[in-house]
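J.: Can you keep this structure in mind? I'll have questions shortly.
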Amino acid sequence: PNQRLSLQSHAHRSESWTIVAGEAVVDKGETLYQLQQYRMVYGNTIFIPVGFIHRLSNNTKDRLLKIVEVQMGDYLGEDDIVRYEDDYGRGKKG
């Protein structure tokens with residue numbers, strides 16, 4: 001609750017996030033999306049193409065957010081992350 005990933009992009013991979021529990025706010029390029037689970041078995045999915053600036057946030061005060069992330073691309077290393085903003089003091093990479 002009340003946490004978010006860094007605002008980031010990737011040069012070599014795309015990502016797909018499926019919300020399986022809770023509610024998420026996704027910054028994708030210039031657009032904000034609010035996603036939530038539909039039922040216990042079904043989630044809501046968003047696709048992040050290569051190069052898109054994005055962030056996943058849980059803005060709720062007391063609900064856990066559970067997602068399934070699928071990474072697709074020719075390189076999936078952690079050094080493919082370019083961070084533009086980060087709440088945890090990690091600098092830009094990539």
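The values are calculated or read from the model by the stated rules, or taken from the named source; none is laboratory data. Predicted model, so just to flag it, every value in this text is computed and none were measured. Glycine gets a Cβ as well: all are built from the backbone with ideal geometry, and neighbour counts include every protein chain shown. With ligands, DNA and RNA removed, areas are computed over all heavy atoms of the protein, side chains included. Shrake-Rupley method; radii C 1.70, N 1.55, O 1.52, S 1.80 Å.
A quick yes/no check of all residues on (1) at pLDDT below 90; (2) more than 17 Å from Gln71 (Cα to Cα); (3) over 11 Å from the mean Cα position of the chain (by Cα):
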| residue | (1), (2), (3) |
| --- | --- |
| His12 | no, no, yes |
| Glu15 | no, no, no |
| Thr18 | no, no, no |
| Ala24 | no, yes, no |
| Lys28 | no, no, no |
| Gln34 | no, yes, yes |
| Gln37 | yes, yes, yes |
| Asn44 | yes, no, yes |
| Phe47 | no, no, no |
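J.: Among the residues of segment 57-69, which ones are surrounded by 12 or more Cβ atoms within 10 Å (Cβ to Cβ) and within 15 Å of the chain's Cα centre (by Cα)?
T.: Once the filter is applied, which keeps residues that are surrounded by 12 or more Cβ atoms within 10 Å (Cβ to Cβ) and within 15 Å of the chain's Cα centre (by Cα), segment 57-69 yields Ser57, Asn58, Asn59, Leu65, Lys66, Ile67.
J.: Considering (1) of a type outside the set (Asp, Glu); (2) open to solvent by 60 Å² or more (accessible area, probe 1.4 Å); (3) outside any strand (DSSP E or B), say which one Gly51 fails and leave the rest.
T.: Checking Gly51 against (1) of a type outside the set (Asp, Glu); (2) open to solvent by 60 Å² or more (accessible area, probe 1.4 Å); (3) outside any strand (DSSP E or B), the one that fails is (2).
J.: If you don't mind, another one. Could you pull out the residue among Leu35, Leu5 that is of a type in the set (A, V, I, L, M) and within 23 Å of Tyr75 (Cβ to Cβ)?
T.: On inspection, the qualifying residue turns out to be Leu5.
J.: Among the residues of segment 2-11, is there at least one that is over 17 Å from Asp87 (Cβ atoms) and either outside any strand (DSSP E or B) or of a type in the set (D, E, K, R) (or both)?
T.: Checked segment 2-11: at least one residue is over 17 Å from Asp87 (Cβ atoms) and either outside any strand (DSSP E or B) or of a type in the set (D, E, K, R) (or both).
J.: Shifting gears a bit: Of all residues in segment 56-94, which are hydroxyl-bearing (Ser, Thr, Tyr) and in a strand (DSSP E or B)?
T.: Just the residues of segment 56-94 that are hydroxyl-bearing (Ser, Thr, Tyr), to begin with: 57, 60, 75, 84, 88.
Scanning segment 56-94 gives Ser57, Tyr84.
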